[in-house]
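Below is one structure; the comments refer to it alone.
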Amino acid sequence: MTLHQNLIAGEWVGGDGVANINPSNTNDVVGEYARATADDAKAGIAAAKAAFPAWSRSGILERHAILKKTADEIMARKDELGRLLSREEGKTLAEGIGETVRAGQIFEFFAGECLRLAGEVIPSVRPNIGVEITREPVGVVGIITPWNFPIAIPAWKIAPALAYGNTVVFKPAELVPGCSWAIVDILHRAGLPKGVLNLVMGKGSVVGQAMLDSPDVQAITFTGSVGTGKRVAMASVEHNRKFQLEMGGKNPFVVLDDADLSVAVEAAVNSAFFSTGQRCTASSRIIVTEGIHDKFVAAMGERMQGLVVDDALKPGTQIGPVVDQSQLNQDTDYIAIGKQEGAKLAFGGELITRDTPGFYLQPALFTEAHNQMRIAREEVFGPVAAVIRVKDYEEALAVANDTPFGLSSGIATTSLKHATHFKRNAEAGMVMVNLPTAGVDFHVPFGGRKGSSYGPREQGKYAAEFYTTVKTAYTLA
Ligand code: ADP
């Protein structure tokens, strides 16, 4: 089997491969991927530092052309890359291809952003003096990504970093190196100069930590767990560097008495269980007012019975496997905790077997839960959701906001008054009315509040805030 190596200073390097395993079929090895050492990370950082002066002054047409070429190749290979994604991560083929298309759109968008760079020219308060406000690249950007969006998250960090003239050291999650390797390969062949983008696949505690400890990394963008996010923050404060964190969620989905029942059920099932619930925007707290509660729970049960949980690559599969054994253990531990806490496991929650050995879990729905239970406060990161019964809209909003997190928040209602009030008062970075809590377009800001996020938003033109630094320059006329 060919070994997929790390890219450092424009050369593919490294031996000592680890197997990338398909969670739908643990007998299937997706590929062998080199494991970088701390010294490799340091070499990648040194290469990015050396490449920065030239790349930061490169022409916008050169950057545009490389990002556009990358977008075109991702789009042309969407079926193959989407399949690789589903094979290594376990989301369904439709979800894998959809995510790949999104990565292509992100590169296309930021190819365009290269051509739209602009500043401001304004008069000083002093006569005959002009002021220019421009954006400059930050320097070497460290990119650390999680396993749940193996192509979209690397794309939405790498594309703006390069578009705005930064150089990059990129460490993907250990579980899903395949898509990351593929997009780095595409960018490399598209003509990126040596050292502008360095790929260091390997362990967070080794490779990631070496990035955190380096004084030569001027900015780190991280998506992952709250615990690692705190380490990134502390190390970044130590080195006086810019940092951006996207971490967990415990997103609420409110269903009001006046909701359209089928809209509410579709949005709730999608929010809670699609992508196997492994999305930071997944909703795991379904807050339902008492007039519709019983009808809604019955309709959810019916809808959940029809969900097809199987091999991610099989046609017709709606929910793929959990990503690995350790995540599966976490999911089943939380199901046990929910029962011990007194919530009622109304549907699902059993381990299931399929034709191939994989990490299959029937999506689980608890009822009779309350918001202080651990299953309502801590992120499970699996297909496990809890219904919390409330009296009215006011109580629903209070419960929705009573969480340490604040990423996404949803509501199902036909009332303009409640929808408008919820959009204004939900303590979340993203709010959805009659739509699932997940599913934010590639060209709009993504991010949250409270314990979910730190720093500027990602995606769209808002990404410039993190990947550039503002300069204010004066000239005497
Ligand atoms: P998850 O539970 O989603 O895997 P993690 O926070 O553990 O979340 O992982 C997200 C990313 O952070 C991964 O690429 C992982 O390798 C990396 N990581 C883990 N530990 C560290 C660390 N000490 N320093 C830097 N990166 C780390």
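The values are calculated or read from the model by the stated rules, or taken from the named source; none is laboratory data. As the structure is a prediction and not an experimental result, all values here were calculated from the model. We place every Cβ from the backbone using ideal geometry, glycine too, and count neighbours over all the protein chains shown. In case anyone asks, the SASA skips ligands and DNA or RNA and just uses the protein heavy atoms, side chains included. Shrake-Rupley method; radii C 1.70, N 1.55, O 1.52, S 1.80 Å.
Nonpolar atom fraction for the stretch 251-433, defined as the carbon and sulfur part of the 1.4 Å probe accessible area, stands at 51 percent. Dividing the mean sequence gap of close Cα pairs (under 8 Å, 6+ apart) by how many residues the chain holds gives a relative contact order of 18 percent. Rounded to whole Å, the principal axis extents of the Cα atoms in the stretch 210-351 read 57, 36, 33, largest first. Under the combined filter of DSSP loop state and at most 14 neighbouring Cβ atoms within 10 Å, the stretch 379-477 retains these trypsin sites (Lys or Arg not before Pro): Lys391.
Please calculate how many Å² of accessible area the stretch 1-149 carries per residue, with a 1.4 Å probe and no DNA, RNA or ligand atoms counted.
I get 45 Å² per residue for this part.
How many percent of DSSP beta bridges within the stretch 251-433 run antiparallel, rounded to 5? Each step should come with its number before you reach the end.
Working: 4 of 26 bridges.
If I count the DSSP bridges inside the stretch 251-433, around 15 percent turn out antiparallel.
Seen from all directions on average, the stretch 251-433 presents a Cα convex hull projection of 9.6 nm².
Legend: translational diffusion of the stretch 157-234 by Stokes-Einstein, Rh = Kirkwood radius over C-alpha pairs, 10 °C, 1.306 mPa s; D = 119 µm²/s. Note that the stretch 1-68 carries a Kirkwood radius of 14.5 Å, evaluated over its alpha carbons pair by pair. Which parts of the stretch 154-181 would a label at Thr472 reach, counting a residue when its backbone N lies under 17 Å from a point 7 Å out along Cα-to-Cβ? Correct set: none at all. Applying 0.36 nm per residue to the separation of Ser225 and Ala398 and subtracting their alpha-carbon distance, the gain on full extension is 59.7 nm.
As a calculated quantity, the FRET efficiency between Arg189 and Val131 at R0 = 56 Å, using C-beta atoms, amounts to about 0.85. Among the lysines of the stretch 332-477, pairs at least eight places apart or on separate chains and with Cα atoms under 22 Å apart come to 5.
Only protein heavy atoms count here; on that basis, with a 1.4 Å probe, Trp12 has an accessible area of about 80 Å².
With the helix formula -39500 (n - 2.57) applied to DSSP H stretches of n ≥ 4, the chain reaches a computed 222 nm mean residue ellipticity of -12000 deg cm²/dmol.
Per residue, the average separation of C-alpha pairs within less than 8 Å and at least 6 apart gives the stretch 1-64 a relative contact order of 30 percent. Values of log10 I(q)/I(0) for the chain across q = 0.07 Å⁻¹ run -0.37, by the Debye formula with one identical scatterer at each alpha carbon and no solvent.
Pair-distance distribution of the stretch 416-464: all C-alpha pairs, bin width 10 Å, starting at 0; shares per bin in whole percent are 24, 48, 26, 2. How much of the DSSP beta bridge set in the chain is antiparallel, as a percent to the nearest 5? Here the share of antiparallel DSSP bridges comes out near 40 percent.
What do you reckon, how do Lys171, Lys203 stack up by accessible area (1.4 Å probe), largest on top?
Highest to lowest solvent-accessible surface, that is Lys203, Lys171.
Averaged over its residues, the stretch 251-433 has an accessible area of 38 Å² per residue, based on protein heavy atoms and a 1.4 Å probe.
Extension gain, Ser262 to Ile122, is 45.0 nm, computed as 0.36 nm per intervening residue step minus the present C-alpha separation.
When restricted to Cα atoms, the stretch 84-129 yields an Rg and a Dmax of 21.2, 64 Å, respectively. Here the gap between Ala298 and Asp333, fully extended at 0.36 nm per residue and compared with their Cα-Cα distance, gives a gain of 10.1 nm. For Lys194, the lysines whose Cα falls under 25 Å of its own Cα, not counting residues fewer than eight places away in the same chain, are Lys42, Lys49, Lys68, Lys69, Lys157, Lys171, Lys203, Lys242.
Please sort 84-91, 252-259 by packing, taking for each peptide the average over its residues of neighbouring beta carbons within 10 angstrom, highest first.
Highest-to-lowest ranking by the protection proxy: 84-91, 252-259.
Accessible surface comparison of Tyr33, Tyr474, probe 1.4 Å, protein chains only, largest first: the order is Tyr474, Tyr33. Taken as Cα centroids, the stretch 383-429 and the stretch 213-247 sit 31 Å apart, rounded to the nearest whole angstrom.
Annotation: peptides 123-129, 22-28, ranked by per-residue average of other Cβ atoms within 10 Å with the highest first, follow the order 22-28, 123-129.
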